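Trainee: Take a look at this one; I'll ask things after.
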Amino acid sequence: MIDLKEVSIAWFRSFNPTPEQRATADERLAICEACPESKVNQLNIHYCGACGCPLNKKIFSPKGPSACPQQKWPQ
């Protein structure tokens, strides 16, 4: 089930992240780019093939490591 609070926070953070949030997001994005579940759709939007979330927002999730369906994020 989709956690609307988590999604809202991730989208909000993506527009104006703190330096710490940006650093965490950059680390997560590097992990996602190397993951075989990373996909690109016809609109050139990168998304997680495991959950369907757009990566440019998913990487700002407040849930921490549990937000990655593959459990690859360290924080």
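We did not get these values from a lab; they are worked out from the coordinates using the rules stated. Just so you know, these numbers come straight off a predicted model, no measurement behind them. Neighbour counts run over all protein chains shown; Cβ positions are idealised from the backbone, glycine included.
Trainee: Taking the stretch 23-55 as the region of interest, how many residues are of a type outside the set (Asp, Glu), over 15 Å from Pro69 (Cβ atoms) and touching a Phe, Trp or Tyr at 6+ places or on another chain (Cβ under 9 Å)?
Mentor: Matching residues across the stretch 23-55 total 4.
Trainee: OK, next. Within the stretch 17-75, count every residue that is free of Cβ contacts under 8 Å to residues at least 24 places away in the same chain and of a type in the set (Phe, Trp, Tyr).
Mentor: Going through the stretch 17-75 one residue at a time, the tally reaches 1.
Trainee: So, one more: Report, by residue number, each residue of the stretch 55-75 that is in contact with a strand residue (DSSP E or B) (Cβ under 8 Å, 6 or more places away or on another chain) and among the basic types (Lys, Arg).
Mentor: Selection gives Lys58 alone.
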